[in-house]
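Data first, discussion second: the structure below is written as structure tokens.
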Amino acid sequence: MPSPETLAQLGVIGFTFFMLLNSAAVLVYMERKVAAFVQQRYGPYLVGPRGLLQPLADIIKLMFKEELRPKAADPLLFYAAPILSAIAAFAAFSVVPFGADTDFFGLLDRKIPLAPADVNVGLLVIFAVTSMGVYGIVLAGWSSNSKYSLLGGLRSSAQMISYEISYGLSFATVIMLAGSLSLGDIVDQQAGTWFGFLPKWYLFLQPVGFLIFLIAGVAETNRAPFDFPEAEQELVAGYHTEYSSMSFALFFLAEYVNMVTVSAVATDLFLGGWHGPWLPEYLGWIWFLAKVGFLLFFYIWMRWTLPRYRYDQLMEFGWKWLLPIAVINLLVTAFAVAWWGF
Amino acid sequence: MDAMLFWVLATIAVTASLLVIAQRNPMYSVLLLIVSFAALSGLYVLLQAPFVAVIQIIIYAGAIMVLFLFVVMLLNIPTEEPTLERRWATGAGPRRFGAVLSAVLAAELYWAISSIQKTDLPAGVPETTVKDIGVRLFSEYSFAFELTSVLILVAMVGSIIIARKEPPRDHA
């Protein structure tokens, strides 16, 4: 019989998985409503009250669609690609804590982390898993045996490699400030306030790092204005042109889960995680949800406001602007940490 | 438990590596190599070295293999065709040379494995933190570290020069 702590941890894992699945449905609704608001439309309003059941209707529709596969496609990789995408998306969340360590009001003998796992190289694990996410997209592009898919896959791999470096460097600044790779430790370093009112978030120590993280995060999740892998006007639908039914749904799911993960990591790294005023520690997850929700809204807002860049602009921006700024920011942070010793 | 995991991961790593060279389709070779790297990274975790395990994934599976995949996709070779260049490599002379080389390798491997002394490892493996690795890398091994970075830089410059197209000359 496993110990109550193990069982509770398994419960946390199951709960996280369930919530991530649901977050995709919620985000579909949110995206459509925000898009409608930006474009002065109503958005979905027929299915359920205020159109709230629209995602459910979407899912049912997707399930009953026929699963199509081009004759010339590589059968094994064609079906494996969306699964890989979804696995990488969910696995990246596995080290993200969403609340303070808890013993569930004395039910357990010792405290367990409110995260699927709290490992001491957490940030690197996130980085490693997100870098595996590119395989799903690349393989989908290649195995479909269609020129639009292939172009989408190629673009996506080039884009993700280019922006991964800046992404990693913005991680590194926070690691230097916190002196730890564990997300739980990093969040706990941001507890409390300066001068009694300014929360000790790394956002205020690292505004440049936060900006780089946000921009590179959009590029990593292939969202507008960096959604080149699926640029509709030029590539039909990019890497998932040939996909239908649940295979397509898995790509969709992966994209939204990746968005949640990037927002949750940004919250933990720069926005103080579950720390906030007024609420007691055991309700900290409300702060966490509020911050993640705001970032997600920001992502959607950006998608429907900004037009897509040109591909050469994307590359030029990534290599000639974002990367040098990230390197300089890292050097300045390193000097500051060595000088004052945070 | 650990021993069982070791055998499972080791079997996956060896099988995947063997399949890499048995594949005709370069795409599958690349993917099997990633599987092999992932299994190796699992072995590092069993050795209480999570940092090395994650770095293995980030650098090899995440960065280098994506580049491999990129090249394979750009060239888009569905299957490896036996080409003319292969013929000289399968002649009698090269075959004998290869046989001698593999015999030497087998002897070396035998010597290396048999010279391992079985020592009792301390029960508690010392915890290696990222900080320890970093401090060692930049103090004790800084020369080797810098030398490697120069080597990589040279390789990069070299590949750019080889791959560069000659600029069109002005016919004045």
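Ignoring ligands, DNA and RNA, what accessible area per residue does chain A give at 1.4 Å, in Å²?
Per residue, chain A has 48 Å² of solvent-accessible surface.
Quick one: if you take sqrt(5λ) for each eigenvalue of the C-alpha gyration tensor of the stretch A:247-318, what semi-axes come out, biggest first, whole angstrom? Can you show the working numbers first?
Details: eigenvalues 173, 52, 24 Å².
Rounded to whole Å, the semi-axes are 29, 16, 11.
As a check on your grasp of the helix formula, calculate [θ] at 222 nm for chain A: sum -39500 (n - 2.57) over DSSP H runs of n ≥ 4, divide by the residue count, round to the nearest 500.
Counting only the DSSP helices, I get -21500 deg cm²/dmol.
At 20 angstrom or more along the helix axis (alpha-carbon based) and mean Kyte-Doolittle of 0.5 or higher, what helices does chain A contain? Whole DSSP H runs only.
On the way: long enough: A:4-38 (48 Å, 1.15); A:75-92 (27 Å, 1.85); A:122-143 (32 Å, 1.79); A:147-178 (46 Å, 0.71); A:245-270 (38 Å, 1.34); A:284-305 (32 Å, 1.12); A:323-340 (25 Å, 1.97).
What comes out of the filter, once short or polar helices are dropped, is A:4-38, A:75-92, A:122-143, A:147-178, A:245-270, A:284-305, A:323-340.
Please compute the contact order of the stretch A:212-277 in relative form: average sequence separation of alpha-carbon pairs under 8 Å and at least six residues apart, divided by the residue count, as a percent. Let's see the in-between values first.
Details: 30 pairs, mean separation 15.6, N = 66.
Reported relative contact order: 24 percent.
How long is the protein assembly as shown along each principal axis, judged by its Cα atoms, biggest number first, in Å?
80, 67, 59
What number comes out for the charge environment of B:Glu140, summing +1 per Lys or Arg and -1 per Asp or Glu over other residues with Cβ under 13 Å away?
Spelling it out: positives minus negatives among the neighbours equals -1.
Gap in Å between the Cα centre of the stretch A:60-92 and the Cα centre of the stretch A:16-48?
Their Cα centres are 23 Å away from one another.
What percent do you get for the relative contact order of the stretch B:1-81 when only Cα pairs under 8 Å and 6+ apart count?
Details: 74 pairs, mean separation 26.9, N = 81.
Relative contact order comes out at 33 percent.
Evaluate the charge dipole of the protein assembly as shown about its Cα centre and quote only its size in Debye, nearest 20, assuming +1 on the Cβ of each Lys and Arg and -1 on the Cβ of each Asp and Glu. List each step's numbers first, then the result.
Details: 30 positive and 36 negative charges, 232 e Å.
In total the dipole reaches around 1120 debye.
Please report the net charge: other residues with Cβ closer than 14 Å to the Cβ of A:Ile13, K and R +1, D and E -1. Present the calculation step by step, with values, prior to reporting the outcome.
Numbers: positive: none; negative: A:Glu5, A:Asp118.
Taking every other residue near A:Ile13 into account, the sum is -2.
In square angstrom, what is the accessible area per residue of the stretch B:1-81 with a 1.4 angstrom probe?
56
Give me the distance between the Cα centres of the stretch A:192-220 and the stretch A:282-342, rounded to whole Å.
Rounded to whole Å, the Cα centres lie 8 Å apart.
Counting only other residues whose beta carbon sits under 13 Å from that of A:Gly184, what net charge do I get with K and R as +1, D and E as -1?
Values: positive: A:Lys111; negative: A:Asp101, A:Asp118, A:Asp185, A:Asp188, A:Asp268.
Within the 13 Å Cβ shell, the charges total -4.
I need the Kirkwood Rh of the stretch B:1-68: take the reciprocal of the average 1/r across all distinct C-alpha pairs and report it in angstrom. All intermediate terms of the calculation are to be shown ahead of the outcome.
Details: mean 1/r = 0.0821 Å⁻¹.
Mean inverse Cα-Cα distance, inverted, gives 12.2 Å.
Below 8 Å, C-alpha to C-alpha, sequence gap of six or more: please give me the relative contact order for chain A in percent.
23 percent.
The values are calculated or read from the model by the stated rules, or taken from the named source; none is laboratory data. Everything quoted here is computed from the prediction, not taken from an experiment. Neighbour counts run over all protein chains shown; Cβ positions are idealised from the backbone, glycine included. In case anyone asks, the SASA skips ligands and DNA or RNA and just uses the protein heavy atoms, side chains included. Shrake-Rupley method; radii C 1.70, N 1.55, O 1.52, S 1.80 Å.
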